[in-house]
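Every number here is computed from the coordinates shown, using simple stated rules; none is lab data. Everything numeric here is computed off the predicted structure, so don't read it as measured data. In this analysis, Cβ positions are derived from the backbone assuming ideal geometry, glycine residues included, and neighbour counts consider all displayed protein chains.
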Amino acid sequence: MRAGSLLRLVALGLRRDLRGLVLSLAGVAAGVWALLFFVAAGLGTGELLRTRILPVDATLVEVVPPSVTLGLFGRVELDDRKVAELAALEGVRAAYRKMRVRVPAVSRYDGAFFGHRLRLGVEIVAEGVDAGLLGEGIEGFVDGEGALPVVLSPRLLEIYNGSFARSRGLPRLSEKLLHGFEFPVEFGRSFVGGGGAERVPTSGRIVGFSPQAMLEGITVPLETARRLNARFGQDAQTYSAVVLRAEDPSRVPAIVERVRQLGLEVDESERKLVRRVGAAIALATSMLSLLGLLVCALASVNIALSLGASVRSRAVEFGIFRAVGACDRDLRALVLGEALVVGLAGGLAGVVLARLAALGADAAVGAWLPPFPFQPETFFRFPLWLHLVGLGLGLGAAVLGAVAPIRQVVRQDPARVLT
Amino acid sequence: MIRVEGLERSHRTEDGVLRVLRGVSFSVAEGELVALSGPSGAGKSTLLYVLGGLDRGYGGTVEVFGRDLRRMSEAELAAYRNREVGFVFQASHLVPGLSALENVLLPAYFGGAPPARKRALELLERVGLADRAAHPPSRLSGGEKQRVALARALYLAPRLLLADEPTGALDPDNARRIIGLLRDLCRETRTTAVVASHEPEIWVAADRHLRLEEGRVRELSVGEVA
């Protein structure tokens, strides 16, 4: 049977039962819509989590001293010897040291703040790191005289813009705007206790932003932390953590194994959190996607019933086709063709509906919810493969729905229906 | 060219098995127009469907154009119906939704060659319906529908035309017209035809007259009324 003839007769068949056609098409569209909408939401929120809320560099391994020591040889410390040992591990490209400033600190700000008046006192947590960890493009991140060079996490700025600035009536700020901003810092003082007699008032100067900077405080040069710890009589020799950069992500498991053999631990709290939240998103997405699959299954049954009824009502027509030379394959192609048109059109409609629903949901969030940290432009991600899955699902539902009607049409006895 | 030997066909009914054809034997030569008569339920339609390859549940031997229909595969039988057989039914059985022209072209939809509109239009003209080519069946009268059905049956120039009560649903004028067309077209194209009919005009127009009764066939002289 020629393609043109097949299309002509398929179109003819579809026109014969427009109500059934519309119902079948709507069923497929609803199933595909539901599946795509929820999967796209899961992909979008998962990406938001991984790239903006809790970005994790797959090549980095954060090594920390063991929290519990049971051996006879005392606590394993992260000193320079250990750092050298870690840096020499196979698959490690670089090792970056981290040292907490082990004295309390506060910032008391009272003055102009980007066109507003700000009076604020906060506890400050500070950590010193090797400059290499923060990446390129940050200049002036060296210990010296004058204001302390400070690097902040972009996530901290996002939280400020998304909630703090809004609640306090302060302006939203950008990284560029904050570059060079100075604020007072006083080491040796605390609002909650723990401060000593000696106090070192100084100031911090923002020199850049890095995803590797600490989220809940300020990141300063390693030598600054070492100097401050020494000045206050604190441990200035051992490190609070060492970040290893693997040559590639596939080397990470072996590196983690070797680190543990050295009696050290790997801080996986953030990675675990990402995994846990990611799993929760995946679970919710799966449950909601199942709903879409269920609707598609029902759509398939609907196609089977509708197409079955249509085939029964057109028994004479199929008998005529037999009489003028149609073989089983031709009749199968006709019924399958009708089902595929329904599946393809329903799939396409489902894809379009899902995209429109996603646009609507994003617009509703923008219109009805106040801005919040890490708010993305869209909560949905529609990769090409997802569109193809939607179309495939529509076609799959149609093919399954066509199985019984095809058997029915092939079994019809033309001699009986034509008499 | 048609050889039927000991043809048996039974149907299951609520009352049991009904033997419709009971050892029917006859032959038809190429180019012959054979009239087939008999009371209702005698098995005329069944015989035509067997000859046309639409009914395979029979016993005995049916050879058409030297080929045993029983030995043909499903695809071969479909090709046989498409290229070598033309059917005309009592109810014209046109496909609703297709125009008269498309109905004539229908056999081409299931064949290998592209639809030949010129040939279809010629046939419509031959049956006097050239001006109705674009009309759907719903806008044609009973006689016009049957003429379209005849054009469809002859579209691929079949070697065998099988007509089952082609005038059964028509008024006398239209019936006469169809019979005339059928006879003339078959004569012109030397198409072999087996026409089941109650119409004495067909019996007279035919080369031979076969009568089916109680599942058996007997030959009557042309023009003889059983």
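Figures for the structure shown
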quantity: With Cα atoms, 0 to 90° folded angle of helix B:142-154 axis to chain B main axis; calculated: 80
quantity: DSSP H segments from chain A that extend 30 Å or more along their own axis, Cα-based, with Kyte-Doolittle mean of 1.0 or above; calculated: A:18-48, A:269-313, A:328-368, A:384-411
quantity: Chymotrypsin sites (Phe, Trp or Tyr not before Pro) restricted to the stretch A:178-264 and DSSP loop, no more than 15 other C-beta within 10 Å; calculated: A:Phe181, A:Phe191
quantity: Selected from B:Leu77, B:Leu161, B:Leu182 as most flexible by GNM, with chain B as the system and alpha-carbon contacts under 10 Å; calculated: B:Leu77
quantity: Translational diffusion of the protein assembly as shown, µm² s⁻¹ [Kirkwood Rh, Cα pairs; Stokes-Einstein; 10 °C; 1.306 mPa s]; calculated: 49
quantity: Helix axis angle, B:74-83 relative to chain B longest principal axis, alpha carbon, degrees; calculated: 50
quantity: Summed residue charge, Cβ within 13 Å of A:Val277's Cβ, Lys/Arg positive, Asp/Glu negative; calculated: +4
quantity: Helix B:117-126 axis, angle to chain B major axis (alpha carbon atoms, nearest 10°); calculated: 80
quantity: For the stretch A:131-174 and the stretch B:139-175, distance of Cα centres in Å; calculated: 90
quantity: In the stretch B:160-195, trypsin sites (Lys or Arg not before Pro) in a DSSP loop with at most 13 other beta-carbon atoms within 10 Å; calculated: B:Arg190
quantity: Bridge type composition, chain B - antiparallel percent by DSSP, nearest 5; calculated: 55
quantity: Low-density loop cleavage sites - chymotrypsin sites (Phe, Trp or Tyr not before Pro) in the stretch B:30-121, where at most 16 other Cβ are within 10 Å (DSSP); calculated: B:Phe65
quantity: Share, in percent, of DSSP beta bridges within the stretch A:66-263 that are antiparallel, nearest 5; calculated: 75
quantity: Spatially proximal lysines relative to B:Lys118 (Cα-Cα < 23 Å; intrachain offsets below 8 disregarded); calculated: B:Lys145
quantity: GNM top mover of A:Ala30, A:Ala241, A:Ala197 - chain A, alpha-carbon springs below 10 Å; calculated: A:Ala197
quantity: Assigned charges on the beta-carbon of Lys, Arg, Asp, Glu; the protein assembly as shown dipole about Cα centre (debye); calculated: 800
quantity: Inter-probe distance in nm under a simple model that places probes 7 Å from Cα toward Cβ, at A:Val125 and A:Ser250; calculated: 3.7
quantity: Kirkwood Rh and Cα Rg combined as Rg/Rh, the stretch A:66-263; calculated: 1.01
quantity: Shape call, the stretch B:113-162: gyration tensor on alpha carbons, a/c limit 1.5; calculated: oblate
quantity: Candidates A:Glu139, A:Glu47, A:Glu338: whichever shows maximal mean-square fluctuation once chain A is modelled as a Gaussian network with Cα springs under 10 Å; calculated: A:Glu139
quantity: Value at 222 nm in deg cm²/dmol, rounded to 500, when DSSP H runs of n ≥ 4 in chain A each add -39,500 (n - 2.57); calculated: -17000 deg cm²/dmol
